[in-house]
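The structure appears right after this line, and notes come after that.
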Amino acid sequence: MRNIYSSRPYAAITAIGGYLPQERRTNFDLEQVCDTSDEWIIKRTGIKERRILEAGLATSDMAVMAIHDLCTRYNKDVADVDAIIVATSTPDVLMPATANIIAQKLNLNNVWAFDMNAACSGFLYALDMGASLVETERYKNVLIVGADNISAFVNIHDRSTNILFGDGAGVIWLEPSAEEGIIDAFMQSNGDGRDFLNIEGGGSLYPTSEKPFNQERSYLKQDGKVVFKQAVQSMSNACKSILERNQLGIEAVDWLIPHQANKRIIDAVGKDINIQKNKTLTNIEYRGNTIAATIPLCIWENIKQIQKGDLLMLTAFGAGFSWGASLLRWMI
Ligand code: ACO
């Protein structure tokens, strides 16, 4: 599908980093604050615990830690970065962009930095945007961050959401490459999903200055059943579409890295697209759903399994609704 401009380079991932906060929130912790059980949560979601960022820190702090991790592991100099795209739905503040705050913390004074809000699909959206920047040859070194401090927007007493979400940050470095890197991306969205998964408060429709401000609006709300069904259908269709237009069968894929929302969603997508069970990478059991960070963190935590030259298929679904799939050749 890719490379209609065949003289242009590919964009390839050349480094990856991640960060997880220290604090663990287990199912037993949740049993103390609402009517749920470890057994129910494991059976219905596959999640045992999540990481929670300490108060006083924010999304940018996790992103900076993830970038430091990447630079240390892969001997990269952050001063070489031309652009930073931050996929997040939980910015430090509404304005400026979290990408600007990250750049400031990294002492980068002339970098193009902006946020991408596509909820759980944010990392895939940003990856495609970053790859396009590299392919134009106007930007050489592009950081794609997926980071969310979603625990700041989860009502700890609401069992329909508190069981699912955790905090974290992942980052990848994109550079031009003569060899195949990012091969294709298939991204879609449909605003009809807006009522089924959202955080309404704090924007211009329901500003926090509104008196009285409805505290409930500052929390993430969802209709779990609708989201579940739509997530399975959309991710499966995106995977099938991207394979078909690249004339690839599912057996060509070495690793499926799906958004980590619910183990049952991951299993249902795997079954629908007919991928061998041991080709799906997960980390949901001890991380939960870290929103835009799930995919880079899942790769980062399973890095030992992935070999240079492997074909990766990434897929995500999130608020909007937004969804997509990416195909790439792992070049590290
Ligand atoms: N603990 C114990 N019991 C519970 C809990 C809980 N946490 N939640 C619901 N129940 C009960 C219900 O009351 C119901 O009881 P009943 O049968 O007596 O009426 C029963 O368990 C089944 O409830 P359901 O809501 O049908 O449970 P379901 O299997 O749908 O699981 C869940 C709920 C886990 C939320 C699931 O729907 C889900 O994961 N949906 C997808 C959500 C998601 O991925 N969101 C993020 C998307 S990405 C992004 O952009 C943020």
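The values are calculated or read from the model by the stated rules, or taken from the named source; none is laboratory data. Quick caveat: nothing in here was measured; it's all calculated off a predicted structure. Cβ sites come from the backbone with ideal geometry, for glycine too, and all protein chains shown count toward neighbours. Accessible surface areas use protein heavy atoms only, side chains included; no ligands, DNA or RNA. Shrake-Rupley method; radii C 1.70, N 1.55, O 1.52, S 1.80 Å.
The table below lists the values:
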| item | result |
| --- | --- |
| Unmet criterion (only one of (1) under 14 Å from the mean Cα position of the chain (by Cα); (2) of a type outside the set (S, T, N, Q); (3) over 19 Å from Gly18 (Cα atoms)) for Pro296 | (3) |
| From Leu197, Leu164, Leu174, residue being among the hydrophobic types (A, V, I, L, M, F, W, C), within 16 Å of the ligand (Cβ to nearest atom) and touching a helix residue (DSSP H, G or I) at 6+ places or on another chain (Cβ under 6 Å) | Leu197 |
| Selected residue (criterion: farthest from the ligand (Cβ to nearest atom)) from residues of region 213-258 that are touching an Asp or Glu at 6+ places or on another chain (Cβ under 6 Å) and among the charged types (D, E, K, R) | Asp254 |
| Condition broken by Phe28, with the remaining ones in (1) closer than 30 Å to His68 by Cβ; (2) surrounded by fewer than 18 Cβ atoms within 10 Å (Cβ to Cβ) satisfied | (1) |
| Filtered residue count, region 276-331, keeping only those that are away from the ligand (no atom under 16 Å from the Cβ), of a type in the set (Phe, Trp, Tyr) and within 18 Å of Phe123 (Cβ to Cβ) | 2 |
| Residues of region 136-179 that turn out to be open to solvent by 50 Å² or more (accessible area, probe 1.4 Å) and among the polar types (S, T, N, Q), as a count | 1 |
| Region 173-229 - residue that is of a type in the set (Ser, Thr, Tyr) and part of a loop (DSSP other than H, G, I, E, B) and, of those, nearest to Leu70 (Cα to Cα) | Tyr219 |
| Number of positions in region 69-79 that are surrounded by fewer than 18 Cβ atoms within 10 Å (Cβ to Cβ) and not in a helix (DSSP H, G or I) | 2 |
| Candidate set from region 222-251 (those that are of a type in the set (A, V, I, L, M) and open to solvent by 40 Å² or more (accessible area, probe 1.4 Å)); member that is nearest to the chain's Cα centre (by Cα) | Val226 |
| Of the criteria (1) of a type outside the set (Gly, Ala, Ser); (2) in a loop (DSSP other than H, G, I, E, B); (3) within 16 Å of the ligand (Cβ to nearest atom), which one Leu124 fails | (2) |
| When residues of region 32-68 are limited to those that are within 17 Å of Glu285 (Cα to Cα) and open to solvent by 70 Å² or more (accessible area, probe 1.4 Å), the one nearest to the chain's Cα centre (by Cα) | Lys48 |
| Boolean, Asn262 is out of contact with any Cys (no Cβ under 6 Å at 6 or more places or on another chain), within 16 Å of the ligand (Cβ to nearest atom), open to solvent by 10 Å² or more (accessible area, probe 1.4 Å) and not hydroxyl-bearing (Ser, Thr, Tyr) | yes |
